[in-house]
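Nothing in this text is a laboratory measurement; each read-out follows from the coordinates by a stated rule. Note that this is a predicted model, so its numbers are computed, not measured. Backbone-built Cβ (ideal geometry, glycine too); neighbour counts: all protein chains shown.
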Amino acid sequence: MKEDDFTLIDLYLRGSMRAFETLLKKYERMLFGYIINQVDSNERAKDIYQDVYLKIIQNIDRFKKESSYKSWLFLIARNTIVDSFRKRNVVAISLDKTSDDVDKPLHDIVPSEESTPSTLFVSKSEESKVSIMLENLEPSLKEICFLRFHSELKFSEIAEMIGSNENSVKTKFRKALSLLKEEYEML
């Protein structure tokens, strides 16, 4: 039986290191992927990753089960990244900046989810183009896309994490999709 996050946390707080190791393993790739996507080097990402896990160990007893463990984990990672930028005197771009709303309905921007062998081939063959296009997005839009697609966070979890409201996150996501679609059509 696969144990849920809250059960694993409770077991760890009662002394089970196995439960904590399971909890850490469950999100390590996703979390490291998020961190490396936000910083400029693999070494820096590893340092931040270690800092995040130290903060989790130090604060897990204060975790309130009002939100998911996953969103709490990513919030710690985000804050650690921001602190890292501050320590290096790098100017961080505000992620609370509002974006212009996209007038098109979401169903006009997001393609159908039906997959055929030919669409899967096209998707795989153009994956690097999409990665480059994502890199060209402004940081706040890039972060939301990464959290949504790679980390599979819900819009409500992303909103909680970045200190925004869910509608604003959805609007930014739609804007990012629109920009990606425009750039894709120009290729």
Cα extents of the range 143-187 along the three principal axes, largest first (Å): 35, 19, 12
Residue (of S41, M17, V82) at the positive-pole extreme of the range 5-87, dipole from beta-carbon charges: M17
Measuring from label point to label point, each 7 Å out along Cα→Cβ, what is the R88 to E183 span in nm? 2.1 nm
Residues of the range 155-187 with the amide nitrogen closer than 19 Å to a label point 7 Å from the Cα of N136, along Cα-to-Cβ, please. 173-187
Once you place label points 7 Å from the Cα toward the Cβ at L75 and E28, how far apart are they in nm? 2.5 nm
